[in-house]
Amino acid sequence: MKISSLSLSKVVIMLILVSFNLNVSMIDGQVAPLPIAVEVTINNKLIDSDLKFHCKDQHSAQVDLGDQTVSTGRSWSFKFLASPFYVPLYSCTFSWHGAPDRHFDIYEGERDGKACNQDCTWDIYEINPCRVSGTDQQCFPWKEG
């Protein structure tokens, strides 16, 4: 059986493509993970004031969560899909009676991806927002502007 150089070239190209496809689909020796559902919960911890806010994905103009109002002691949640190839950045503007508007990135992939995993819970206080993990809280400053 004789193999022509054209046939051999096609086989080599096919092997290169298969190898490239396997390399692209592998991350740290594992098959690339599927997107995971992340739930972000915002708890109103203000003292006797409704929390009003508006959140949107800064990487997608199509994802705007609209205006929300949450009473003291209540919460509101939203979900999205995150993957290694697309991690949303959800920014919110918060307001309550007698205070200037406050800004904060309620989900930031670099900061929250591993810390929250699939559940990211935030307590919103007058002084700052705090990410809750079990009984621990990690508080962050409000963004300027």
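The values are calculated or read from the model by the stated rules, or taken from the named source; none is laboratory data. The structure displayed is predicted, hence computed values, not measured ones. A quick note on method: Cβ atoms are made from the backbone with ideal geometry, for glycine too, and the neighbour counts reach across all protein chains shown. The accessibility values were calculated without ligands, DNA or RNA, using every heavy atom of the protein model including side chains. Shrake-Rupley method; radii C 1.70, N 1.55, O 1.52, S 1.80 Å.
Any idea how far apart Asp57 and Asn128 come out in nm if each label point goes 7 Å out from Cα toward Cβ?
2.9
Give the aspartates and glutamates reachable from Lys52 as a straight Cα distance under 20 Å; neighbours fewer than 8 places away on the same chain don't count.
Counting by Cα, and skipping residues close in sequence, Lys52 has these aspartates and glutamates nearby: Glu39, Asp64, Asp67, Asp101, Asp105, Asp123, Glu126, Glu144.
Would you please state which residues of region 45-61 a label at Lys143 would reach in this model, taking the label point 7 Å out along Cα→Cβ and a backbone N cut-off of under 13 Å?
Answer for this model: 54-60.
Could you give me D for region 82-145, from Stokes-Einstein at 20 °C and 1.002 mPa s, where the hydrodynamic radius is the Kirkwood radius over C-alpha pairs? Units µm² s⁻¹, please.
Values: Rh = 12.7 Å.
Approximately 169 µm²/s, per Stokes-Einstein.
Of all accessible surface on region 52-110 at a 1.4 Å probe, what whole percent is carbon and sulfur?
On the way: 1640 of 3520 Å².
Answer for region 52-110: carbon and sulfur cover 47 percent of the accessible area.
What area, in nm² and to one decimal, does the C-alpha convex hull of region 53-108 cast on average over all directions?
Mean shadow area of the hull around the Cα atoms is 4.4 nm².
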